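Bear in mind these aren't lab numbers, they're just calculated from the coordinates by the rules spelled out. Small disclaimer: the values here were computed from a predicted structure and weren't measured. Here Cβ is always computed from backbone atoms with ideal geometry, including for glycine, and neighbour counts include all displayed protein chains.
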Amino acid sequence: MAMSADLAYRSATELIALYRARRASPVEVTRACLARIEALNPKLNAFCIVDAEGALRAAGESEARWMRGAPQGSLDGIPVSIKDLLLTSGWPTLRGSRTVDANQAWDQDAPAVARLREHHAILLGKTTTPEFGWKAVTDSPLTGITRNPWNPAKTPGGSSGGAAVAVATGMGALAVGTDGGGSIRIPASFTGIFGLKPSFGRVPAWPLSLFGTVSHVGPMTRTVEDAALMLDVISEPDVRDWFALPHDDRDYRDGLDDGIAGLHIAFAPTLAGADVDAEIAGIVERAVEAFGELGAHIVEAAPDLGDVADVERTHWWAGATRVVQSMAPERRAVADPGLLRIAEKGHAFTLADYLEAVEARGALGAALRQFHARHSILLTPTLPIQAFDAGRLAPPQHGDVDGDWTVWAPFSYPFNLTQQPAASVPCGFTREGMPVGLQIVGPMHDDRLVLRVARAFEKARPWQGSYARLA
């Protein structure tokens with residue numbers, strides 16, 4: 001691997017150590033990441049905005065601080081990308097949509113973006129998303145199709161597909177993603193990176209997603225330690241989010257390597273009877289063996305999710321209706337037809353339908369809290385399939401799903417409804433060379449436990465060497 005590519009693939013924690021030892025500089029690293037973007041973005045379409053000039057200017061300022069021995073913040077000089085659903089001062093936030101007017105002030109940062117600036121991370125640009133993040137693949141009328149670096153004919157998943165591709169290919173050490181039904185974990189699984197959906201409210205969000213309280217903001221990284229470091233930063237308080245949890249000022253890296261001996265872990269090979277591809281099932285089952293080898297107590301058990309798909313659809317389609325209603329009527333003609341279709345379905349829901357779904361969501365959350373009283377962690381496949389052809393909403397075996405991506409991604413959205421922390425860790429490759437993810441779900445508010453379990457697996461079954469294939 002060339003030296004510039006090697007720097008681009010260094011983790012954030014490694015880069016900080018290199019800066020401190022004066023063995024690398026933020027300018028060198030930023031140039032390496034920009035070189036990766038220049039080489040790969042035309043083929044993969046991970047970024048919709050690249051601010052090379054601004055990134056290099058910020059990198060020069062960071063380099064000067066490191067040379068003085070006076071870095072500021074936890075991420076000084078670390079390259080990061082922002083998903084184009086989050087407000088970022090100086091750049092338009094078009095949300096993958098031709099319906100958003102680019103001619104605006106764009107003078108505010110979302111909370112996570114503000115915290116990254118305060119810690120002097122280097123903002124490289126904005127990553128692609130489907131229109132308003134409505135689906136679990138990444139293509140939009142505005143930015144076109146984003147492709148999987150392991151096979152550009154395949155989808156990286158979504159809606160944080162651009163963010164996942166950027167991290168997997170060395171186009172930045174860190175990325176901010178959002179997850180309203182799996183939008184961090186699905187592309188993390190399809191592209192072989194680590195993605196964490198924290199507990200709802202752990203990372204302040206403003207403005208709240210148009211899809212409401214199912215949507216979370218979280219880190220997408222190549223290592224678990226980087227995710228913990230990033231979570232320290234983006235979870236800092238912001239008074240604009242009245243849903244935000246009380247700030248936990250302990251370092252998320254504390255206790256990360258404490259191991260999992262004695263932990264009670266449930267493994268669910270499937271949830272709610274969903275079919276899992278036999279090859280995926282085998283890869284995940286072999287991955288789960290590692291937890292027993294590490295001293296955890298493993299039992300096969302799954303929570304009773306009830307009619308969770310109907311609950312999700314009611315929340316999601318109602319959110320889509322709100323999205324479309326926010327559009328200027330004359331601009332709806334240029335919106336994604338799939339988004340318009342599910343918005344029309346959501347428009348048919350009555351208030352009684354929605355309130356019934358809210359009640360069912362509460363019952364589901366209560367059931368999962370009781371489940372976690374018996375089992376500290378739940379393991380599932382992140383997805384029951386491998387990545388399918390880019391430009392499609394669903395794999396061929398599911399036919400025309402008419403906008404309903406949940407039929408092929410059934411394991412992620414239940415934990416958006418319950419608002420629990422959940423992560424996807426790489427756990428292997430299919431015969432076709434496509435990454436497979438293992439989902440780690442923890443009890444509400446115990447993000448530290450999810451990170452610790454993920455770190456134990458990462459140490460037992462390290463995945464970082466696989467990125468050499470993408471050099």
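Some observations on this one:
- Rounded D (µm²/s) - segment 358-415, Kirkwood Rh over Cα pairs, Stokes-Einstein at 20 °C, 1.002 mPa s: 156 µm²/s
- In the chain, the DSSP-assigned H stretches of four residues or longer account for a calculated mean residue ellipticity at 222 nm of -11500 deg cm²/dmol, using -39500 (n - 2.57) per stretch and the full residue count as denominator.
- For the chain, the share of DSSP beta bridges that are antiparallel, to the nearest 5, is 65%.
- Remark on segment 1-65: Rg and Dmax equal 12.2, 36 Å (Cα only).
- Start at zero, step by 10 Å, and the Cα-Cα distances of segment 198-306 spread as 12, 27, 34, 24, 3 percent across the bins.
- Anchor Lys459: lysines whose Cα lies under 19 Å away (excluding residues fewer than 8 positions away in-chain): none
- When its C-alpha radius of gyration is set against 2.2 N^0.38 Å (N residues), segment 43-156 gives a value of 1.18.
- Relative contact order of the chain, pairs being alpha-carbon contacts under 8 Å that are 6 or more residues apart, as %: 17 percent
- For q = 0.09 Å⁻¹, Debye-computed log10 I/I(0) when each Cα of the chain counts as one equal scatterer: -0.52
- Annotation note: chymotrypsin sites (Phe, Trp or Tyr not before Pro) in segment 94-170 located in DSSP loop regions with a Cβ neighbour count of at most 16 within 10 Å are Trp106.
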